[in-house]
1. Within the range 130-159, which residues are part of a loop (DSSP other than H, G, I, E, B) and open to solvent by 100 Å² or more (accessible area, probe 1.4 Å)?
2. Do we have Ala435 as part of a strand (DSSP E or B), touching a strand residue (DSSP E or B) at 6+ places or on another chain (Cβ under 7 Å) and surrounded by 20 or more Cβ atoms within 10 Å (Cβ to Cβ) here?
3. Being surrounded by fewer than 11 Cβ atoms within 10 Å (Cβ to Cβ), under 30 Å from His188 (Cβ atoms) and not hydrophobic (A, V, I, L, M, F, W, C): is that true of Ser113 here?
4. Take the residues in the range 287-321 that are of a type in the set (D, E, K, R) and buried (at least 16 other Cβ atoms within 10 Å of the Cβ), then tell me which one is farthest from Val504 (Cα to Cα).
5. Return the residues of the range 275-294 that are assigned to a loop (DSSP other than H, G, I, E, B) and touching a strand residue (DSSP E or B) at 6+ places or on another chain (Cβ under 7 Å); say none if nothing qualifies.
6. Conditions: (1) outside any loop (DSSP other than H, G, I, E, B); (2) among the aliphatic types (A, V, I, L, M); (3) over 50 Å from the mean Cα position of the chain (by Cα). Ala182 meets all but one. Number of the miss?
7. Across the range 264-276, what is the number of residues that are of a type outside the set (A, V, I, L, M) and under 14 Å from the mean Cα position of the chain (by Cα)?
8. Can you name the residue in the range 466-491 that is part of a strand (DSSP E or B) and in contact (Cβ under 8 Å) with a residue 60 or more places away in the chain and is also nearest to the chain's Cα centre (by Cα) among such residues?
Amino acid sequence: MLICKTTAPHVENLKNLLKCCFYVLKSVLFVEQEALCRIISTLANKNEELQTFLETVDNTLTGLQEESCKVMSELEAELEQLNSTLEEKGTALRDVIKEAKQRKEAELHKQISEGKSALLSCEELLEFANQTLTITNEEEFLKAAKQIKERVTMAPAFRLTTRPVASENMLQFTVDFSSERAGLQQLHFLPVPRAPEIDVSSCVVRDNTVTVAWQSAGEADSDGEGVGGRIERYELEYRKTNRDSSLRAAGEACWEKIHDIRETHVTISGLKFDSRFVVVRVRARNKAAAGEFSEPVAMETRAYNFGFDAVTAHAELKVQGDSVIWEPQGVKGHDPRLRGKENKSSSRSATPSPNKTAGSRSGRDRFAGESYTVLGDQEMAGSCHYWELRPLTDWKSFSVGVAYRASLGRFDQLGKSAGSWCLHASQWLQSSLAAKHNNKAKVLDWPLPQRIGIYCDYDNGDLSFIDVDRHRLLHSFKTKFSQPLIPAFTVWCGGITITTGLQVPSFMGNFLSTNQSLGNLSQ
């Protein structure tokens, strides 16, 4: 018994020591696990980067083979045209020489024929004159002498020129193609323009457009020819990416192309900013050759992107991409008794506790009853956001706004709780437009807009609704947001479509800079 009592403290110390060693070992294992996870993450990133690099090199090799075949074919075509031109020119020169030879031959043959005829006439006349000298009768002699005089006067020999009408000289058709041969010997490939340089300071990203400006490497020459020959046009390529690297990752978009650019700048419009960056590059092209692309430049294109959360959509709302359409499901969906129950449930949960609502909606996110509502799938917890809404044809009623996710029960409607703000439009029975919040409505005296812009500045507590077509501020809520916001929509009879991936448009500055306008229209 004595031994047991003396060893008990040692056992306890040993237990404590073992426990400490266990915790130390556990900490070491945790640190090693974290280090190993970082190594694995680094290796995975490097693996993806190498795969992307190999894919890029493989695509470059394929492009090189295709481009080589293309330029070889173009070279053969140019040589064939050159040979054809030489043959045509040789044929034309031969024809000129043949024509001159034939003309001179015809003239000389005619002159020979006329000379022979004159010679024959002259010989006959000479023989007649010799015979006349032998005539002894004076009267006959005088008569013959007179005939000889008359015939001499009219003889062709005395009217025919004794010089050839054409010479044998053909030196005017001599050719010397030594300079042309020298030119042919100097034939070479067209000079390739140098790669332009994108002027980042002059590039502008604004209103979902990207303006790219660059400087040509050959612009310094006064004659405009430049280092690589006269530049006729430029080609620009761009693509969307979530990385600022020039390498295209697997699954990312390919290059989009813009051809035949005559200036040193271009504006890409109609973009949806659904990625962090737009990478651009440009190259110059002369008569037939295109130079290398410039160094790619990544321009940040952040915007608010979201879609409809189909899980939250009312059973009679059909989500189709960026559109929501109201499709009634028959009598059951419009049972007055069911609506009565739903209204009671809705009235009981007008301002629910966030914790209670979150618990009650767990696994039951779909709106029901007369709350024909659907939420967005991306929250807002800071910064500025903007998106637009358009009602579809034959719409009757819709609401658009933001809400605290936890503030909406399954049967709650937008604008009837302290945690939701909306703009309500209706053309059922009569047209109306109103701003709603906390079960209060403010009627707005303005025609029903066909394109509504929603601007939310979470940090400053601003929520504004804009008639985009008329550039009119419809209403602005001024508050202090305390929870993340979610876009919210209500649709009854008809449908709506949204446009996201939009920057805050520049015209918003006209409203935000005029505090008086906001004060007059705010709640």
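The values are calculated or read from the model by the stated rules, or taken from the named source; none is laboratory data. Given the structure is predicted, the values throughout are model-derived calculations rather than measurements. Every residue, glycine as well, gets a Cβ built from its backbone with ideal geometry; the counts of neighbours run over all protein chains shown. Heads up: the accessible areas ignore ligands, DNA and RNA and are worked out on the full protein's heavy atoms, side chains in. Shrake-Rupley method; radii C 1.70, N 1.55, O 1.52, S 1.80 Å.
1. Selection gives Thr134, Thr136, Arg159.
2. yes
3. Judged against the criteria, Ser113 is not a match.
4. Glu316
5. Ser275, Arg276, Gly291, Glu292, Phe293, Ser294
6. (3)
7. 6
8. Result: Pro487.
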